[in-house]
1. If you check Trp106 against the conditions, is it of a type outside the set (Asp, Glu) and modelled with pLDDT under 95?
2. Got a number for residues in the range 122-140 being more than 10 Å from the ligand (Cβ to nearest atom), of a type outside the set (Lys, Arg) and in contact with a strand residue (DSSP E or B) (Cβ under 7 Å, 6 or more places away or on another chain)?
3. When the residues of the range 198-239 are filtered to those that are loosely packed, with under 15 Cβ neighbours inside 10 Å and within 28 Å of Gly150 (Cα to Cα), which remaining residue is nearest to the ligand (Cβ to nearest atom)?
4. Can you find, within the range 82-126, the residue that is nearest to Gln268 (Cα to Cα) among those that are more than 20 Å from the chain's Cα centre (by Cα), outside any helix (DSSP H, G or I) and among the polar types (S, T, N, Q)?
5. Picking from Tyr266, Tyr243, which residue would you name as being exposed (fewer than 15 other Cβ atoms within 10 Å of the Cβ), closer than 21 Å to Arg90 by Cβ and not aliphatic (A, V, I, L, M)?
6. I'd like to know if the range 161-169 contains one or more residues that are within 14 Å of the ligand (Cβ to nearest atom) and of a type in the set (A, V, I, L, M, F, W, C).
7. Does Lys249 fit the bill of being exposed (fewer than 14 other Cβ atoms within 10 Å of the Cβ), modelled with pLDDT under 95, within 16 Å of the ligand (Cβ to nearest atom) and within 20 Å of Ile74 (Cα to Cα)?
8. Confirm whether Ala63 is over 30 Å from Asp228 (Cβ atoms) and among the aliphatic types (A, V, I, L, M).
Amino acid sequence: MPSKNELWVFEVDLLLEAIFFRYGYDFRHYSRASLERRVENRLALSDLSSPSEMITKVLHEPAFFELFLKDMSITVTDMFRDPHVFRVIREVVFKQLRTYSRVNIWHAGCATGEEVYSMAIMLHEEGLLKRTRIYATDYNNRSLEVAQQGIYPVEKMQEFTANYHEAGGKGSLADYYQAKYEYAKINDIFNASITFANHNLVKDQVFAQMNLIVCRNVLIYFDQHLQDQVLTLFANSLVHRGYLVLGDKETLALSKVQDEFECVSYEQRIYRKLAKV
Ligand SMILES: C[S@@+](CC[C@H](N)C(=O)[O-])C[C@H]1O[C@@H](n2cnc3c(N)ncnc32)[C@H](O)[C@@H]1O
(Lines give C-alpha, C1' and ligand atoms only; values in the text may rest on other atoms or scores of the structure.)
Protein backbone atom coordinates (compact mmCIF):
# COMPACT_ATOMS: atom_id res chain seq x y z
CA MET A 1 0.00 0.00 0.00
CA PRO A 2 1.64 3.36 -0.98
CA SER A 3 2.14 5.98 1.75
CA LYS A 4 -0.06 9.11 1.71
CA ASN A 5 2.68 11.04 -0.03
CA GLU A 6 3.18 8.43 -2.72
CA LEU A 7 -0.55 8.15 -3.16
CA TRP A 8 -0.82 11.91 -3.50
CA VAL A 9 1.86 11.95 -6.21
CA PHE A 10 0.15 9.02 -7.96
CA GLU A 11 -3.17 10.89 -7.90
CA VAL A 12 -1.49 13.94 -9.45
CA ASP A 13 -0.18 11.65 -12.22
CA LEU A 14 -3.74 10.45 -12.84
CA LEU A 15 -5.02 14.03 -12.82
CA LEU A 16 -2.50 15.00 -15.51
CA GLU A 17 -3.45 11.94 -17.59
CA ALA A 18 -7.14 12.88 -17.26
CA ILE A 19 -6.44 16.44 -18.40
CA PHE A 20 -4.39 15.19 -21.34
CA PHE A 21 -7.03 12.75 -22.55
CA ARG A 22 -9.98 15.10 -21.98
CA TYR A 23 -8.50 18.41 -23.19
CA GLY A 24 -5.25 17.56 -25.04
CA TYR A 25 -3.15 19.74 -22.71
CA ASP A 26 -0.08 17.80 -21.66
CA PHE A 27 1.37 18.84 -18.30
CA ARG A 28 2.99 15.45 -17.63
CA HIS A 29 6.48 16.85 -18.17
CA TYR A 30 6.08 20.17 -16.43
CA SER A 31 8.51 20.80 -13.60
CA ARG A 32 7.07 18.74 -10.78
CA ALA A 33 7.65 20.86 -7.67
CA SER A 34 5.89 23.97 -8.97
CA LEU A 35 3.11 21.91 -10.57
CA GLU A 36 2.37 20.17 -7.26
CA ARG A 37 2.34 23.52 -5.47
CA ARG A 38 -0.27 24.78 -7.92
CA VAL A 39 -2.40 21.66 -7.46
CA GLU A 40 -2.21 22.12 -3.68
CA ASN A 41 -3.30 25.77 -3.97
CA ARG A 42 -6.21 24.88 -6.20
CA LEU A 43 -7.31 22.13 -3.79
CA ALA A 44 -7.31 24.60 -0.92
CA LEU A 45 -9.19 27.25 -2.91
CA SER A 46 -11.80 24.74 -4.07
CA ASP A 47 -12.28 23.08 -0.70
CA LEU A 48 -11.24 19.70 -2.10
CA SER A 49 -9.17 17.22 -0.14
CA SER A 50 -7.28 15.22 -2.77
CA PRO A 51 -6.09 15.37 -6.38
CA SER A 52 -8.45 12.51 -7.22
CA GLU A 53 -11.40 14.73 -6.26
CA MET A 54 -10.02 17.22 -8.74
CA ILE A 55 -10.11 14.56 -11.46
CA THR A 56 -13.89 14.31 -11.34
CA LYS A 57 -14.30 18.08 -11.45
CA VAL A 58 -11.80 18.53 -14.26
CA LEU A 59 -13.47 15.81 -16.35
CA HIS A 60 -17.00 17.12 -15.89
CA GLU A 61 -16.54 20.86 -15.54
CA PRO A 62 -14.65 22.63 -18.35
CA ALA A 63 -14.83 25.86 -16.29
CA PHE A 64 -12.84 24.14 -13.54
CA PHE A 65 -10.27 23.06 -16.09
CA GLU A 66 -10.00 26.73 -17.19
CA LEU A 67 -9.10 27.60 -13.59
CA PHE A 68 -6.42 24.90 -13.58
CA LEU A 69 -5.07 26.21 -16.90
CA LYS A 70 -4.94 29.70 -15.40
CA ASP A 71 -3.05 28.30 -12.38
CA MET A 72 -0.53 26.71 -14.72
CA SER A 73 0.04 29.88 -16.76
CA ILE A 74 2.48 32.20 -15.08
CA THR A 75 1.95 35.25 -17.23
CA VAL A 76 4.33 37.67 -15.52
CA THR A 77 6.03 39.81 -18.15
CA ASP A 78 7.11 43.41 -18.86
CA MET A 79 8.05 45.67 -21.73
CA PHE A 80 11.81 45.47 -22.31
CA ARG A 81 12.09 42.96 -19.45
CA ASP A 82 15.83 42.46 -18.76
CA PRO A 83 16.73 45.56 -20.84
CA HIS A 84 20.35 44.44 -21.38
CA VAL A 85 19.04 41.45 -23.39
CA PHE A 86 17.11 43.79 -25.69
CA ARG A 87 20.17 45.98 -26.02
CA VAL A 88 22.30 43.04 -27.22
CA ILE A 89 19.54 41.93 -29.61
CA ARG A 90 19.48 45.48 -31.01
CA GLU A 91 23.25 45.82 -31.26
CA VAL A 92 24.35 42.32 -32.23
CA VAL A 93 21.43 40.29 -33.62
CA PHE A 94 19.85 43.09 -35.68
CA LYS A 95 23.21 43.69 -37.36
CA GLN A 96 22.83 40.24 -38.96
CA LEU A 97 19.08 40.47 -39.57
CA ARG A 98 19.72 43.68 -41.49
CA THR A 99 21.49 41.65 -44.19
CA TYR A 100 18.25 39.73 -45.02
CA SER A 101 15.46 41.04 -47.23
CA ARG A 102 12.77 39.20 -45.21
CA VAL A 103 12.95 38.45 -41.49
CA ASN A 104 10.78 36.06 -39.46
CA ILE A 105 10.70 36.31 -35.67
CA TRP A 106 8.84 33.95 -33.32
CA HIS A 107 8.00 34.90 -29.73
CA ALA A 108 7.04 31.58 -28.13
CA GLY A 109 5.17 31.90 -24.81
CA CYS A 110 4.49 35.59 -25.40
CA ALA A 111 1.97 35.87 -22.51
CA THR A 112 0.20 39.25 -22.69
CA GLY A 113 2.44 40.63 -25.45
CA GLU A 114 4.64 43.26 -23.75
CA GLU A 115 7.81 41.52 -24.99
CA VAL A 116 6.43 41.40 -28.54
CA TYR A 117 5.64 45.12 -28.70
CA SER A 118 9.10 45.83 -27.29
CA MET A 119 10.65 43.91 -30.18
CA ALA A 120 8.37 45.68 -32.69
CA ILE A 121 9.40 49.09 -31.32
CA MET A 122 13.09 48.23 -31.64
CA LEU A 123 12.60 46.92 -35.18
CA HIS A 124 10.73 50.12 -36.05
CA GLU A 125 13.52 52.31 -34.66
CA GLU A 126 16.15 50.32 -36.57
CA GLY A 127 14.20 50.52 -39.85
CA LEU A 128 13.61 46.75 -39.91
CA LEU A 129 9.92 46.49 -39.09
CA LYS A 130 8.61 46.67 -42.65
CA ARG A 131 10.61 43.63 -43.75
CA THR A 132 9.76 41.63 -40.62
CA ARG A 133 6.88 39.31 -39.70
CA ILE A 134 6.53 38.59 -35.99
CA TYR A 135 4.68 35.46 -34.89
CA ALA A 136 3.65 35.71 -31.24
CA THR A 137 2.25 32.55 -29.69
CA ASP A 138 1.02 31.23 -26.38
CA TYR A 139 -1.28 28.38 -25.36
CA ASN A 140 -3.36 30.64 -23.16
CA ASN A 141 -6.16 32.33 -25.13
CA ARG A 142 -6.92 34.86 -22.40
CA SER A 143 -3.34 36.13 -22.50
CA LEU A 144 -3.44 36.25 -26.29
CA GLU A 145 -6.58 38.41 -26.18
CA VAL A 146 -4.81 40.95 -23.96
CA ALA A 147 -1.74 40.76 -26.21
CA GLN A 148 -3.80 41.45 -29.31
CA GLN A 149 -5.45 44.48 -27.71
CA GLY A 150 -2.13 45.88 -26.50
CA ILE A 151 -3.75 47.64 -23.55
CA TYR A 152 -1.79 47.82 -20.29
CA PRO A 153 -2.18 49.59 -16.93
CA VAL A 154 -0.86 53.10 -17.34
CA GLU A 155 1.02 52.92 -14.03
CA LYS A 156 3.33 50.30 -15.57
CA MET A 157 4.51 52.80 -18.19
CA GLN A 158 7.01 54.50 -15.92
CA GLU A 159 8.89 51.25 -15.33
CA PHE A 160 8.56 50.28 -19.02
CA THR A 161 9.98 53.68 -20.00
CA ALA A 162 13.04 53.18 -17.79
CA ASN A 163 13.54 49.72 -19.33
CA TYR A 164 13.13 51.15 -22.84
CA HIS A 165 15.95 53.66 -22.30
CA GLU A 166 18.19 51.05 -20.67
CA ALA A 167 17.58 48.85 -23.71
CA GLY A 168 18.92 51.58 -26.00
CA GLY A 169 15.59 53.17 -26.99
CA LYS A 170 16.15 55.97 -29.45
CA GLY A 171 13.11 58.15 -28.86
CA SER A 172 10.42 58.28 -26.23
CA LEU A 173 8.28 55.29 -25.31
CA ALA A 174 5.32 57.66 -25.08
CA ASP A 175 5.47 57.99 -28.89
CA TYR A 176 4.25 54.40 -29.12
CA TYR A 177 1.14 54.45 -26.95
CA GLN A 178 -1.94 56.52 -26.16
CA ALA A 179 -2.77 56.95 -22.49
CA LYS A 180 -6.43 57.22 -21.54
CA TYR A 181 -7.60 57.19 -17.92
CA GLU A 182 -5.89 54.25 -16.23
CA TYR A 183 -4.84 52.46 -19.42
CA ALA A 184 -2.22 52.84 -22.13
CA LYS A 185 -2.91 51.42 -25.60
CA ILE A 186 -0.02 50.53 -27.88
CA ASN A 187 -0.33 52.26 -31.26
CA ASP A 188 -1.94 50.34 -34.11
CA ILE A 189 1.09 50.83 -36.37
CA PHE A 190 2.46 47.49 -35.18
CA ASN A 191 -0.67 45.44 -35.92
CA ALA A 192 0.18 44.72 -39.55
CA SER A 193 3.54 43.20 -38.59
CA ILE A 194 2.41 40.90 -35.77
CA THR A 195 0.41 37.67 -35.99
CA PHE A 196 -0.86 36.43 -32.62
CA ALA A 197 -1.79 32.75 -32.57
CA ASN A 198 -2.50 29.91 -30.20
CA HIS A 199 0.37 27.42 -30.20
CA ASN A 200 1.11 24.78 -27.60
CA LEU A 201 4.83 24.11 -27.40
CA VAL A 202 4.20 20.62 -26.05
CA LYS A 203 2.15 19.31 -28.94
CA ASP A 204 2.08 21.70 -31.90
CA GLN A 205 4.32 21.80 -34.95
CA VAL A 206 7.36 23.82 -35.98
CA PHE A 207 7.13 27.37 -37.28
CA ALA A 208 9.39 27.06 -40.33
CA GLN A 209 12.15 29.41 -41.46
CA MET A 210 12.57 31.58 -38.38
CA ASN A 211 15.55 33.94 -38.24
CA LEU A 212 15.08 34.63 -34.53
CA ILE A 213 13.18 32.77 -31.82
CA VAL A 214 12.62 34.41 -28.45
CA CYS A 215 11.37 32.04 -25.76
CA ARG A 216 12.10 33.46 -22.34
CA ASN A 217 10.91 32.25 -18.97
CA VAL A 218 8.90 29.35 -20.35
CA LEU A 219 11.36 26.41 -20.27
CA ILE A 220 11.83 26.87 -16.51
CA TYR A 221 8.39 25.31 -16.06
CA PHE A 222 9.38 22.17 -18.02
CA ASP A 223 11.40 19.11 -16.97
CA GLN A 224 14.57 18.18 -18.91
CA HIS A 225 12.69 15.77 -21.21
CA LEU A 226 10.22 18.45 -22.26
CA GLN A 227 12.93 21.12 -22.52
CA ASP A 228 14.78 18.85 -24.96
CA GLN A 229 11.61 18.31 -26.97
CA VAL A 230 10.87 22.04 -27.19
CA LEU A 231 14.49 22.98 -27.91
CA THR A 232 14.48 20.44 -30.76
CA LEU A 233 11.33 22.12 -32.08
CA PHE A 234 13.17 25.46 -32.01
CA ALA A 235 16.27 24.01 -33.69
CA ASN A 236 14.02 22.66 -36.46
CA SER A 237 12.18 25.96 -36.80
CA LEU A 238 15.32 28.08 -37.24
CA VAL A 239 17.14 28.75 -40.49
CA HIS A 240 20.86 27.96 -40.45
CA ARG A 241 22.61 30.74 -38.52
CA GLY A 242 19.27 31.72 -36.93
CA TYR A 243 19.23 33.07 -33.35
CA LEU A 244 17.62 31.72 -30.18
CA VAL A 245 17.09 33.81 -27.05
CA LEU A 246 16.20 32.11 -23.74
CA GLY A 247 15.43 33.46 -20.27
CA ASP A 248 18.16 34.19 -17.73
CA LYS A 249 17.55 30.95 -15.81
CA GLU A 250 17.43 28.84 -18.96
CA THR A 251 20.28 27.35 -20.95
CA LEU A 252 21.18 25.11 -23.88
CA ALA A 253 24.00 23.56 -21.83
CA LEU A 254 23.43 19.83 -21.35
CA SER A 255 20.44 19.88 -23.67
CA LYS A 256 20.06 17.50 -26.62
CA VAL A 257 20.63 20.30 -29.14
CA GLN A 258 23.60 22.05 -27.52
CA ASP A 259 25.98 20.88 -30.28
CA GLU A 260 23.78 22.46 -32.94
CA PHE A 261 24.34 25.97 -31.53
CA GLU A 262 27.12 28.35 -30.69
CA CYS A 263 26.84 30.80 -27.83
CA VAL A 264 26.63 34.47 -28.84
CA SER A 265 26.25 35.81 -25.31
CA TYR A 266 26.05 33.42 -22.36
CA GLU A 267 25.09 36.23 -20.00
CA GLN A 268 22.09 37.21 -22.13
CA ARG A 269 21.34 33.58 -23.14
CA ILE A 270 21.62 34.33 -26.85
CA TYR A 271 22.57 31.41 -29.11
CA ARG A 272 23.07 30.97 -32.84
CA LYS A 273 22.32 27.83 -34.83
CA LEU A 274 25.36 26.48 -36.62
CA ALA A 275 25.38 26.15 -40.40
CA LYS A 276 24.82 22.52 -41.46
CA VAL A 277 28.13 20.72 -41.98
C1 LIG B 1 6.30 33.83 -17.47
S2 LIG B 1 5.51 33.94 -19.01
C3 LIG B 1 6.84 34.52 -20.05
C4 LIG B 1 6.43 35.72 -20.87
C5 LIG B 1 7.57 36.37 -21.67
N6 LIG B 1 8.17 35.42 -22.58
C7 LIG B 1 8.60 36.98 -20.75
O8 LIG B 1 9.66 36.37 -20.55
O9 LIG B 1 8.37 38.07 -20.24
C10 LIG B 1 5.36 32.22 -19.50
C11 LIG B 1 4.36 31.99 -20.62
O12 LIG B 1 4.55 30.67 -21.14
C13 LIG B 1 3.28 30.20 -21.53
N14 LIG B 1 3.32 28.73 -21.66
C15 LIG B 1 3.49 27.80 -20.68
N16 LIG B 1 3.42 26.57 -21.22
C17 LIG B 1 3.23 26.72 -22.55
C18 LIG B 1 3.06 25.83 -23.64
N19 LIG B 1 3.08 24.51 -23.44
N20 LIG B 1 2.90 26.34 -24.89
C21 LIG B 1 2.88 27.69 -25.08
N22 LIG B 1 2.99 28.58 -24.10
C23 LIG B 1 3.17 28.10 -22.85
C24 LIG B 1 2.35 30.68 -20.42
O25 LIG B 1 1.00 30.70 -20.83
C26 LIG B 1 2.90 32.07 -20.16
O27 LIG B 1 2.23 33.04 -20.91
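1. Spelling it out, it is not the case that Trp106 is of a type outside the set (Asp, Glu) and modelled with pLDDT under 95.
2. 5
3. Looking at the filtered set, the residue picked out is Asn200.
4. My answer is Thr99.
5. Tyr266
6. Yes; the residues of the range 161-169 include at least one that is within 14 Å of the ligand (Cβ to nearest atom) and of a type in the set (A, V, I, L, M, F, W, C).
7. The answer is no for Lys249.
8. Spelling it out, Ala63 is indeed over 30 Å from Asp228 (Cβ atoms) and among the aliphatic types (A, V, I, L, M).
The values are calculated or read from the model by the stated rules, or taken from the named source; none is laboratory data. These numbers were taken from a predicted model, which means no experiment stands behind them. Cβ: placed from backbone, ideal geometry, glycine included. Neighbour counts: every protein chain shown.
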